[in-house]
Amino acid sequence: MAVVPAPVMNALLDAKASSGQTRLAGLGDEDIALLRLVAAGLESVEIAEQLHVSERTAKRRVSALLHKLRVGSRLQAAALAGRCGLLDPE
């Protein structure tokens, strides 16, 4: 185990948060809405129902979103959304 001084830890956390914000900056309103559905844990069928599209289209949109965010899974996308404040009540 290592001890990291508070100023260094804060700088690391700030850099991580700004990195996430940068990735979200290129997303449109529809992408943000989709990210919120993914972060809420909805499955492709449920996302399809919410968006009034086919399940196949929902899967394609989620895949494209993960690619835009440069993450490998829905879980990583949800973590990114949480770090960037998308899951906070508005």
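The values are calculated or read from the model by the stated rules, or taken from the named source; none is laboratory data. Predicted model only: the values in this text are computed from it and were never measured. With ideal geometry, Cβ positions are generated from the backbone for all residues, glycine too; neighbour counts draw on all protein chains shown. Surface accessibility is based on the protein's heavy atoms, side chains included, excluding ligands, DNA and RNA. Shrake-Rupley method; radii C 1.70, N 1.55, O 1.52, S 1.80 Å.
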| field | Efficiency of FRET from Cβ geometry, ALA25 and GLU46, R₀ 25 Å, rounded to 0.05 | value | 0.35
| If Lys and Arg each add +1 and Asp and Glu each add -1, what is the summed charge of the other residues whose beta carbon sits under 11 Å from the beta carbon of GLY26? | +2
| remark: Heavy-atom accessible area per residue of the stretch 42-90, all protein chains kept, 1.4 Å probe, expressed in Å², is 68 Å²
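In percent, what relative contact order does the stretch 34-81 have, based on Cα pairs under 8 Å that are 6 or more apart in sequence?
Here the relative contact order equals 47 percent.
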| task | Tabulate in residue order the Karplus-calculated ³J(HN,Hα) for the stretch 24-37, using 6.51 cos²θ - 1.76 cosθ + 1.60 with θ = phi - 60°, rounded to whole Hz; enter x for Gly and Pro. | result | 6, 4, x, 8, x, 4, 5, 5, 5, 4, 5, 4, 5, 5
| Simple spin-label estimate for VAL3 and ILE32 in nanometres, 7 Å along Cα-Cβ | 4.2 nm
| task | Taking 7 Å along the Cα-to-C-beta vector as the label spot, tell me the SER54-LYS68 distance in nanometres, rounded to one decimal. | result | 2.2 nm
